[in-house]
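A short worksheet on the structure shown next.
Readers should treat all values here as calculations from the given coordinates under stated rules, not as data from a laboratory. Worth saying up front: this structure is predicted, and the values here are computed from it rather than measured. Backbone-built Cβ (ideal geometry, glycine too); neighbour counts: all protein chains shown.
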Amino acid sequence: MKKVTSLKLNGKMWSVWVGELPRGTWGICYDTSHKIVLNVKLLKKKPQFIIDTAIHEALHAVFPFLTEFAVEQAGTEIARLLARLGVDLDVDALNRRVHEE
Ligand SMILES: [Zn+2]
């Protein structure tokens with residue numbers, strides 16, 4: 001498990017980690033410890049899917065009262081909008097951060 005960044009979400013400091021998660025679980029948001037974990041297998045997926053998952057977990061962090069359906073829908077649609085605007089993710093750079101000593 002590797003910490004890749006930390007940031008303020010909804011007025012609280014959150015840490016973002018990349019590591020092993022159960023199969024089919026792309027991300028987890030731990031509301032009490034203010035920690036987001038992204039599945040390391042995401043690094044082999046398309047950038048838009050990684051962005052979708054990051055937005056999804058950030059939405060859980062900022063709006064813990066939202067339903068899974070709302071978060072799912074919003075994450076995917078915001079990721080699609082960003083892709084249309086040309087926003088991309090440097091997956092190689094993220095990979096280096098995850099695997100550096
Ligand atoms: Zn979710």
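Tabulated data
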| read-out | value |
| --- | --- |
| Burial ranking of peptide ranges 79-91, 16-28 (average Cβ count within 10 Å, highest at the top) | 16-28, 79-91 |
| Charge-dipole axis of the chain as Lys and Arg at +1 and Asp and Glu at -1 on Cβ define it, positive-most pick from 27, 1, 87 | 1 |
| Size of charge dipole - the chain - debye, nearest 20, with Cβ of Lys, Arg +1 and Asp, Glu -1, no other charges | 140 debye |
| Residue 9 long-range amide H proximity, modeled H, under 5 Å | 14 |
| Normalised contact order of the chain, rounded percent, pairs of Cα under 8 Å and 6 or more residues apart | 24 percent |
